[in-house]
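Just so it is clear, none of the values below were taken in a lab; they were calculated from the coordinates. Computed from a predicted structure; not experimentally measured. Cβ: placed from backbone, ideal geometry, glycine included. Neighbour counts: every protein chain shown.
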Amino acid sequence: MKLPSREECLKLLKKYGVLPNILEHMLVVNKLANHLAKKLKAAGIKIDLDVVDRAALVHDIAKSEELKTDRAKGKDDIHHIIGEEILKKEGYPELGKVVRRHSLRELSKLETWEEKVVNYADTRVKHTEVVSLRERLDDLNKRYNIPLKDRAPERDIFALEKEIYDKLDEKPEDLKNVIK
């Protein structure tokens with residue numbers, strides 16, 4: 001798989017006008033995702049650390065642009081799809097697929113550990129703070145006005161958390177200590 005370097009990722013983020021607050025969020029997600037990926041690899045899980053690192057670093061590459069449009073008012077949330085398109089255009093289609101999967105709407109489509117880790121790490125970060133899944137889901141539901149009938153991904157993200165932590169010697173609460 002062709003991957004950009006970390007420096008190239010940062011240049012892409014600048015090229016696509018990523019706002020400073022979005023960049024700060026992505027850096028926290030990146031740190032958490034890298035932590036989890038290293039722990040999973042140490043536990044014998046086959047996971048590509050470089051893919052996790054780069055995908056977590058650019059996962060919200062299209063979020064700033066989305067916030068400038070009507071989609072930011074909860075009418076749509078497709079920055080994960082646009083992010084995939086950007087990365088394809090830039091020559092990184094496989095990385096684009098991992099970025100596309102970081103949305104809660106994509107939970108049922110997660111295939112690889114790289115996709116799972118980036119999705120989960122992003123879900124645990126509210127702005128730049130590591131929070132519980134419950135707190136993050138409540139925030140997302142409030143922000144995007146998700147009807148109760150459309151909350152099926154909640155069951156899936158808690159199942160993903162269990163799948164990850166069944167392989168590790170730590171608990172989900174321990175993730176808050178990673179960025180301190």
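The table for this structure:
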read-out	value
Cβ-Cβ FRET estimate between E8 and K41, R0 fixed at 22 Å, reported to 0.05	0.40
Equivalent ellipsoid semi-axes, the chain, via Cα gyration tensor eigenvalues times 5, rooted, Å	22, 21, 15
Extended-chain gain in nm, criterion 0.36 nm per residue less alpha-carbon gap, S132 and M1	43.9 nm
Aspartates and glutamates whose Cα lies under 15 Å from that of K171, excluding same-chain neighbours fewer than 8 positions away	E161, E163
Among 115-123, 159-167, 57-65, the order from most to least packed when residues are scored by Cβ within 10 Å on average	115-123, 57-65, 159-167
Out-of-range pairs (alpha-carbon distance over 18 Å; input K31/K176; K31/K126; K31/K89; K2/K89; K15/K89; K63/K176)	K31/K89; K63/K176
Residue among P4, L19, S103 farthest towards the positive dipole end of the chain, charges placed on Cβ	L19
Helical contribution to [θ] at 222 nm, DSSP H n ≥ 4, -39,500 (n - 2.57), averaged over the chain, rounded to 500	-17500 deg cm²/dmol
15 Å beta-carbon shell around T128, net charge (K/R +1, D/E -1)	+1
Unit charges at the beta carbon, dipole of the chain: most positive-side option, L67, A159, Y120	L67
Label-point gap, in nm, between K171 and K142 - each point 7 angstrom along Cα→Cβ	2.5
